[in-house]
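Visitor: Can you read through this structure? Questions will come right after.
The values are calculated or read from the model by the stated rules, or taken from the named source; none is laboratory data. Worth saying up front: this structure is predicted, and the values here are computed from it rather than measured. Counting neighbours? That spans all protein chains shown, and the Cβs are built from the backbone with ideal geometry, glycine included. Protein only, heavy atoms only, side chains kept; ligands, DNA and RNA dropped before computing areas. Shrake-Rupley method; radii C 1.70, N 1.55, O 1.52, S 1.80 Å.
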Amino acid sequence: MSVGIPISRLWPDPSGEPLDDAALTALYGRADRPHLRVNFVASVDGAVTVDGYSAGLSGEPDKRVFGLLRMLCDALLVAAGTLRHESYRAVRLDEGRRAWRRAHGLAEYPTLVVVSGSLDLDPGQAAFADAPVRPVVLTRADATAPPGLTDVADVVRVGGDRVDLAAGLAELRGRGLDQLLCEGGPHLFGGLTAADLVDEVCLTVAPLLAGPGPGRITAGEEAAVRHLPLRHVLAVADGVLMLRYARG
Ligand SMILES: NC(=O)c1ccc[n+]([C@@H]2O[C@H](COP(=O)([O-])OP(=O)(O)OC[C@H]3O[C@@H](n4cnc5c(N)ncnc54)[C@H](OP(=O)(O)O)[C@@H]3O)[C@@H](O)[C@H]2O)c1
């Protein structure tokens with residue numbers, strides 16, 4: 001397993017020594033009950049993108065943790081907006097991470113779950129066409145599937161005129177997909193927050209000022225303010241912070 005740019009723990013219990021992948025895996029872990037973890041990267045001034053994409057905020061350490069979080073989940077939840085905009089590819093894990101999953105009794109790959117109200121999705125997109133595990137699409141009752149979508153994904157209708165996210169998560173859990181990782185984007189995160197479904201937020205803060213143009217990591221409907229306790233602070237040698245907040 002790679003070490004790359006050193007990541008160390010600032011709080012609690014400063015580690016001093018760089019954390020290897022095994023230590024990072026233990027720090028993030030899997031919950032002992034159904035759990036929804038959300039992962040984002042943002043600038044110091046709260047931007048969700050630079051030049052329209054998250055890539056300008058991310059670096060090798062963030063990508064390393066991003067990959068570890070994928071290794072740890074049963075299903076990876078992404079909104080259709082991010083899937084389309086970031087041209088999502090099929091979820092792949094290297095042999096080391098697949099071996100870790102096998103050793104822990106998990107499927108070799110997590111299931112990709114796409115949330116879309118419109119079903120404006122391209123079945124030919126690699127995220128669907130090359131998927132190692134048949135993806136699931138959560139949508140609303142009367143959305144019309146484009147030709148070919150049901151050939152490459154299970155289309156699950158939850159809710160009437162909008163996607164009922166709580167019902168969607170219950171459907172996933174009924175399929176044995178308990179440990180969920182949401183990679184955004186902002187509207188899906190906002191919807192999950194409004195429905196009080198978020199158990200954990202992993203936030204990478206890049207040492208950048210992006211200015212007032214880009215949006216935040218959350219968007220959409222208003223939500224009640226909720227407290228989310230800080231669980232750890234990791235520091236990367238290049239000034240990046242990795243924060244983990246989770247409910248008790
Ligand atoms: N910095 C980061 O870590 C990070 C992470 C992810 C994304 N991003 C950035 O975020 C931007 C994309 O944001 P976005 O505004 O398009 O938000 P988004 O949340 O990615 O996508 C919104 C779309 O997803 C579907 N959706 C989301 N929540 C839904 C719900 N509750 N019910 C039904 N459908 C739902 C809808 O798709 P339909 O239109 O198909 O109905 C909606 O139009 C991109 O620039 C991307 O690069 C950044």
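Visitor: If R₀ is 25 angstrom, what is the calculated FRET efficiency for the pair R175 and D32, using the beta carbon separation as r and rounding to 0.05? Write out the running numbers ahead of the final one.
Guide: On the way: r = 19 Å, r/R0 = 0.76.
Efficiency for this residue pair is about 0.85.
Visitor: Let me ask you something else. Using a Förster radius of 25 Å, what is the FRET efficiency between R216 and R84 based on their Cβ-Cβ separation? Nearest 0.05, please. Write down the numbers at each step before the final one.
Guide: Working: r = 20 Å, r/R0 = 0.79.
Calculated transfer efficiency: 0.80.
Visitor: Hey, for a label at A167 modelled as a point 7 Å past Cα toward Cβ, could you say which residues of the stretch 125-145 have their backbone N under 16 Å away?
Guide: 137-144
Visitor: For R231, which sequence-distant residues (separation of 5 or more, or a different chain) have an amide H within less than 5 Å of its own amide H, given hydrogens modelled in the peptide plane?
Guide: Correct list: R244, Y245, A246.
Visitor: To check you understand DSSP bridge types, tell me what percent of the beta bridges within the chain (both residues inside) are antiparallel, rounded to 5. List each step's numbers first, then the result.
Guide: Numbers: 16 of 42 bridges.
Approximately 40 percent, going by the DSSP bridge assignments.
Visitor: Then there's this: How large a share of the accessible area of the chain, in percent, is made up of carbon and sulfur atoms when the probe is 1.4 Å and the other protein chains stay in place?
Guide: On the way: 6080 of 11330 Å².
So the carbon and sulfur contribution to the accessible surface is 54 percent.
Visitor: Taking GluC sites (Glu not before Pro) as candidate sites, keep only those in a DSSP loop with at most 14 other Cβ atoms within 10 Å, then name the longest stretch of the chain containing none of them. Please list the in-between numbers first.
Guide: Working: sites that count: E108, E221, E222.
Counting at most 14 other Cβ atoms within 10 Å as exposed, the longest clean stretch of the chain is 109-220.
Visitor: What base-10 log of the normalised intensity I(q)/I(0) is obtained for the chain from the Debye formula, alpha carbons as equal point scatterers, at q = 0.11 Å⁻¹?
Guide: Results for the chain at q = 0.11 Å⁻¹ read -0.57.
Visitor: Give me the extension gain from A22 to I5: residue separation times 0.36 nm, minus the current Cα-Cα distance, reported in nm with one decimal. Please list the in-between numbers first.
Guide: On the way: separation 17, 0.36 × 17 = 6.12 nm, distance 1.53 nm.
Difference between extended and current length: 4.6 nm.
Visitor: Considering only the other residues whose Cβ falls under 13 Å of the Cβ of I217, what net charge follows from Lys and Arg at +1 and Asp and Glu at -1? If you can, show how the numbers build up before the last one.
Guide: Working: positive: R216; negative: D45, E183.
Here the charged neighbours net out to -1.
Visitor: Something else now. Kindly report the accessible area of the chain per residue (heavy atoms of protein chains, probe 1.4 Å, no ligands, DNA or RNA), in Å². All intermediate terms of the calculation are to be shown ahead of the outcome.
Guide: Details: 11330 Å² over 248 residues.
Using a 1.4 Å probe on heavy atoms only, each residue of the chain averages 46 Å².
Visitor: Further, regarding this structure: If you take the beta carbon distance between V133 and D45 as r and set R0 to 30 Å, what does 1/(1 + (r/R0)^6) give as a FRET efficiency, to the nearest 0.05? Before the final figure, lay out each step's value.
Guide: On the way: r = 38 Å, r/R0 = 1.25.
The calculated FRET efficiency here is 0.20.
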